[in-house]
Amino acid sequence: MMAGDNDGKSNLGFLLPFIAVGIGAVILLGGLAAALKTTLPALMSLIVDSLYYPDTNFCKVRQIGLSSASGYAYFLIIISATLLYCLTAIFKKAKSDIKLPFHLSSLTSAAFIVFIIFIAAQLVHQNKYFFYIQKRYLGKTSAEKIALFYSYPYYFSLFCQQYLSVRHWGRLITDFNELEHIEPHALSYYLYPTVSFLADKKHPADCLIVFHKKNIPDTLLKDFQIIDRANKFSFLAIRNAPHAAR
């Protein structure tokens with residue numbers, strides 16, 4: 001009977017950290033879902049998808065509300081560790097000899113479990129992303145893969161090059177933030193060497209590459225004429241073009 005009691009206490013002691021993390025997760029996710037005005041399943045999907053951000057950096061995660069998933073993980077550790085400390089204090093007050101597994105502290109136990117959950121969620125999304133990439137690119141040529149990955153700048157570069165037969169010094173005008181988006185850099189890569197964006201006083205810009213620019217001042221178009229438009233916000237303009245169409 002004593003052996004059975006000891007086994008039960010041992011099992012309960014092992015489960016206490018998981019119980020604390022589970023309660024902490026319910027509190028955190030419930031509050032976050034209410035703050036973001038979304039459902040719990042939708043929030044869970046958003047968190048999992050945010051844990052792997054391949055377009056920027058392998059370790060960077062997306063922002064969700066006021067913080068990233070990493071920030072919420074730290075908050076979950078604090079909540080869980082506090083709950084775990086309270087649970088163990090309650091059992092100690094009840095004169096129970098239940099102990100945490102491996103002699104871990106409340107904070108260490110909670111951090112370890114949250115870390116495992118965090119890594120598991122990353123693996124789930126990485127696996128999903130891998131099969132998505134495999135399905136998207138399998139069996140395609142290099143040119144087709146490039147067109148899929150950089151479709152907007154790639155096709156716009158082809159659009160511009162059909163009107164540019166000689167080397168040009170260009171100026172790129174775009175709404176994309178070059179420090180945060182790869183599209184301007186991809187466009188520069190695909191236009192080179194037909195167009196170089198290193199225009200200066202020695203080599204003044206003789207063409208304007210307007211790429212996804214919603215509002216462009218008329219002063220920027222002074223001495224330039226629009227050759228053709230790829231769409232409403234992207235077009236090619238050349239200095240003093242003799243034959244142009246607006």
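Couple of notes before you dig in:
- Residue selected from region 149-195 under the condition in a helix (DSSP H, G or I) and within 23 Å of TYR132 (Cβ to Cβ), by the criterion farthest from the chain's Cα centre (by Cα): TYR155
- Pairs with Cβ under 9 Å, 6+ apart, first in region 124-137 and touching a residue at least 40 places away in the same chain (Cβ under 8 Å), second polar (S, T, N, Q) and in a helix (DSSP H, G or I): HIS125/SER50
- Of all residues in region 205-225, those that are outside any loop (DSSP other than H, G, I, E, B) and not aromatic (Phe, Trp, Tyr) total 9.
- Within region 215-237, the set of residues being surrounded by fewer than 19 Cβ atoms within 10 Å (Cβ to Cβ) and farther than 23 Å from PHE149 by Cα comprises ASN215, ILE216, PRO217, ASP218, THR219, LEU220, LEU221, LYS222, ASP223, GLN225, ILE226, ASP228.
- Hey, THR56 modelled with pLDDT of 70 or more and not in a helix (DSSP H, G or I) or not: no
- Lone unmet requirement of (1) of a type in the set (Ser, Thr, Tyr); (2) under 30 Å from ILE47 (Cα atoms); (3) in the same structural domain as PHE197 (by TED's automatic domain parsing) for SER109: (3)
- Counting the residues of region 184-196 that are touching a residue at least 24 places away in the same chain (Cβ under 8 Å) and buried (at least 18 other Cβ atoms within 10 Å of the Cβ) gives 6.
- For THR82: the one exception among (1) farther than 11 Å from PRO17 by Cβ; (2) among the polar types (S, T, N, Q); (3) modelled with pLDDT under 75; (4) assigned to a helix (DSSP H, G or I): (3)
- Taking first residues from region 220-238 that are within 16 Å of ASP175 (Cβ to Cβ) and partners that are polar (S, T, N, Q), the Cβ contacts under 9 Å between residues at least 6 apart in sequence or on separate chains come to SER234/THR174.
- Residue check, ILE209 in the same structural domain as VAL166 (by TED's automatic domain parsing), within 12 Å of TYR163 (Cβ to Cβ) and without any contact (Cβ under 8 Å) to a residue 24 or more places away in the chain: no
The values are calculated or read from the model by the stated rules, or taken from the named source; none is laboratory data. Everything numeric here is computed off the predicted structure, so don't read it as measured data. Note that each Cβ is placed from the backbone with ideal geometry, even for glycine, and that neighbours are counted across all protein chains shown.
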